[in-house]
């Protein structure tokens, strides 16, 4: 039947509106993708109307946008949902007898029910696929919460028809602080409801054991865990207590005992608050080197005397305390995603640069040139390139015995390290061999017996606290330390980020405590931040080095029998005993041995870089390689500070760039199906709908990503893609943009700025005579839907009838003749006149 005949047949029943007549969007010649026809009433519409008032739709009854269509989405059916579901199949056979006028059959309209009755899956739909489907009706058995939340959640007064009693109640509901019914009864949270429903009485204990995991794992502790935890603690002490002395003396430039303080307080506090049972916290090479950079900077600025160990220790305490404060506040404010701020190329480039800097730094004491470097001046504070030049020019002045002790120690430790790596899968017991402890003990005994210190070998000497007290307490955030606080602000922030990132990697790799370990402690990034923050705040009060979870140290703990946080407590107790009674045993320990141990750690930081470089070359990730190279060379040629600034700056710029770029897509239909995909991916394999621009918004709309939304939409209108340069003249006909369909299933969040931009976009389209339809929109009554309503978007685009279930219904709505437009013309006319 022709288009004109259909228009004439409808003139006797409905008079088209003036606006609608002047803005005829229906094609004169029907496209091959859909047909031009008068939209007839579906069985669903007939059945719902009969249920509501006992009468069917009369031929002379016009639909109004004020009456929500059951085919639109979102909607809340006013009838019994179960009854509707039961009647659906029974009414389906009447479709063939409907008074449907069809002039050209297409696959899009041949099966009009598949858009309505065929759900992609049961239950609520939270994904953003390119195949729009309608979800089960709200309130029906298909969308019940019985299986997902243990029963239907209690409904508020507004949901039951009570509504809010005043404007304040409506305001609170609008901002998410719903107060239930007008009686003022507080709405029950999901957690409270589930606890009450399933008989959980002691909710206070539940929260205490969650936020202080010590009370959760101590109840599960068994005697069978004691042996493994104790052996693991002894093994770690033999490995890492000498390392702590090395980090403090050679990297952080503070008294060696301050490195031991990091193993006194931090593991103990983490065992109480941490959520990873097998992770062990302690000082790391990167953090210690950054502390040393702050100490050296304070010396250069004449804020601290060069040989004042007490002030050096207090500066280290300020840096540690600030790093702890940063991540503690981040944990309280639920910023557990902070470890994702720094990109992988930045971390790899910076960590590799730190490894290189450490190797070069340690070559000076390993060759016995430390005293000469102090006399020359400027070497210790220079860049790595300056130190390499110093080493080359003074190689003939190196101490033979110092170089020999350092070289032999390095080779022995590396040989044991590689042997363990290869043998441990077949012989797990090799993990118990304390190779570094043996090297330390043997070198100290040989130095003591052979008196190598008299031949030029520098020894550690007396290890004691710079203040005279065994565990000196000093609050780091004092007024006289403000100059150090300002100087250490950026470095402390980076130490916090690097430490939390490494802790996150270690915690995720270790997971729980294994089958025979601690069960029921869920890993939480926010609780990890709080635990690490409190540990470093306490450590800063005793001038300890920053301590975080290390993957290598935690792996040693797990492989040597540590199953519970008790191994960390044992490590703290062993360190306390060492500080109180065993410090004299370190007197003859050669500094060259400590330097060689640090060099092994630095080697481990560098050795992973070739793998990452090869990976990025294979995938042609030249941007990532460039970022790695920039950070690496800036660090070794200039300073750690410049490397930090460039790396953090580029990472933040990358995050901002990705978060502010709209990811809108133009959709096309897969031929022979009712599925829609991104047309820019396969433009030659998809069909485009005549007169329609189908735009998918797959992300929340906020102030960050809506700034350029208008320009991106304009490019889609002009070129059909967002990748074209704006200098290109229009290549897409304006006739293709008469109907704009927004698929907003991915808009799971919307703020005020995003709402304002969207309202301006919709109003601009309507003023140009473009019809706007939203598909797969938010549920009626939801916060996003209320933003649409209050901002006027709902009325501007044509009312509820222009919020449909899927793209298929939106396309059928665009084919409505000018005389059968659901009062669209009158709504558009009102909007235009206002």
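Against the list (1) surrounded by 14 or more Cβ atoms within 10 Å (Cβ to Cβ); (2) at pLDDT below 80; (3) not in a loop (DSSP other than H, G, I, E, B), the condition residue 667 fails is (2).
Taken together, the residues in the range 372-393 that are in a helix (DSSP H, G or I) and touching a helix residue (DSSP H, G or I) at 6+ places or on another chain (Cβ under 9 Å) amount to 9. Among the listed residues 425, 434, which satisfies the condition of being assigned by TED's automatic domain parsing to the domain that holds residue 310 and without any contact (Cβ under 8 Å) to a residue 40 or more places away in the chain? Of the residues listed, the single one that is assigned by TED's automatic domain parsing to the domain that holds residue 310 and without any contact (Cβ under 8 Å) to a residue 40 or more places away in the chain is 425. Answer with yes or no whether residue 728 is assigned by TED's automatic domain parsing to the domain that holds residue 691 and surrounded by 15 or more Cβ atoms within 10 Å (Cβ to Cβ). Spelling it out, it is not the case that residue 728 is assigned by TED's automatic domain parsing to the domain that holds residue 691 and surrounded by 15 or more Cβ atoms within 10 Å (Cβ to Cβ).
For the range 673-766, the strands (runs of 3 or more DSSP E) that sit wholly inside it and include 2 or more residues that are modelled with pLDDT of 85 or more are 692-696, 739-743. Residues that are more than 28 Å from residue 297 (Cβ to Cβ), without any contact (Cβ under 8 Å) to a residue 40 or more places away in the chain and assigned to a helix (DSSP H, G or I) do occur in the range 452-471.
The combined condition, being in the same structural domain as residue 411 (by TED's automatic domain parsing), more than 24 Å from residue 656 (Cβ to Cβ), crowded, with 17+ Cβ neighbours inside 10 Å and modelled with pLDDT under 85, is not fulfilled by residue 352. How many residues, within the range 372-399, are under 26 Å from residue 242 (Cβ atoms) and touching a residue at least 40 places away in the same chain (Cβ under 8 Å)? The total comes to 3.
Touching a helix residue (DSSP H, G or I) at 6+ places or on another chain (Cβ under 9 Å), at pLDDT 85 or above, part of a loop (DSSP other than H, G, I, E, B) and buried (at least 24 other Cβ atoms within 10 Å of the Cβ), is that true of residue 499? The answer is no for residue 499. Do the conditions hold for residue 416, that is, is it without any contact (Cβ under 8 Å) to a residue 40 or more places away in the chain and either surrounded by 17 or more Cβ atoms within 10 Å (Cβ to Cβ) or in contact with a strand residue (DSSP E or B) (Cβ under 8 Å, 6 or more places away or on another chain) (or both)? Taking the combined requirement at face value, the residue satisfies it.
The one condition from (1) part of a helix (DSSP H, G or I); (2) buried (at least 17 other Cβ atoms within 10 Å of the Cβ) that residue 623 does not meet is (2). Scanning the range 635-686 for residues that are in contact with a helix residue (DSSP H, G or I) (Cβ under 6 Å, 6 or more places away or on another chain), free of Cβ contacts under 8 Å to residues at least 60 places away in the same chain and closer than 28 Å to residue 617 by Cβ yields 642, 646.
Being out of contact with any helix residue (DSSP H, G or I) (no Cβ under 7 Å at 6 or more places or on another chain), within 27 Å of residue 812 (Cβ to Cβ) and in a loop (DSSP other than H, G, I, E, B) is a description that applies to residue 769. Pairing residues of the range 199-215 that are over 21 Å from residue 328 (Cβ atoms) with residues that are not in a helix (DSSP H, G or I), at Cβ distances under 8 Å and at least 6 apart in sequence or on separate chains, gives 206/200.
Taking the range 217-238 as the range and being crowded, with 20+ Cβ neighbours inside 10 Å and either part of a loop (DSSP other than H, G, I, E, B) or in contact with a helix residue (DSSP H, G or I) (Cβ under 7 Å, 6 or more places away or on another chain) (or both) as the test, the residues that pass are 225, 229, 232, 233, 235, 236, 237. The condition of being under 23 Å from residue 469 (Cβ atoms), modelled with pLDDT of 90 or more and buried (at least 24 other Cβ atoms within 10 Å of the Cβ) holds for only one of 281, 254, that being 254.
Scanning for something part of a helix (DSSP H, G or I) and touching a strand residue (DSSP E or B) at 6+ places or on another chain (Cβ under 7 Å), does the range 600-620 turn up at least one residue? No, the range 600-620 contains no residue that is part of a helix (DSSP H, G or I) and touching a strand residue (DSSP E or B) at 6+ places or on another chain (Cβ under 7 Å).
Return yes when residue 399 is out of contact with any helix residue (DSSP H, G or I) (no Cβ under 7 Å at 6 or more places or on another chain) and in the same structural domain as residue 633 (by TED's automatic domain parsing) and no when it is not. Spelling it out, residue 399 is indeed out of contact with any helix residue (DSSP H, G or I) (no Cβ under 7 Å at 6 or more places or on another chain) and in the same structural domain as residue 633 (by TED's automatic domain parsing). Restricting attention to the range 257-270, does a residue exist that is surrounded by 24 or more Cβ atoms within 10 Å (Cβ to Cβ) and not in a helix (DSSP H, G or I)? Scanning the range 257-270 turns up no residue that is surrounded by 24 or more Cβ atoms within 10 Å (Cβ to Cβ) and not in a helix (DSSP H, G or I). The set of residues in the range 540-569 that are part of a helix (DSSP H, G or I) and over 30 Å from residue 477 (Cα atoms) comprises 551, 552, 553, 554, 555, 556, 557, 558, 559, 566, 567. Number of residues in the range 552-577 that are without any contact (Cβ under 8 Å) to a residue 60 or more places away in the chain and either surrounded by 20 or more Cβ atoms within 10 Å (Cβ to Cβ) or not assigned by TED's automatic domain parsing to the domain that holds residue 274 (or both) equals 0.
The values are calculated or read from the model by the stated rules, or taken from the named source; none is laboratory data. Since this is a predicted model, take the numbers as computed values, not measurements. Positions of Cβ are backbone-derived with ideal geometry, glycine not excepted, and every protein chain shown enters the neighbour counts.
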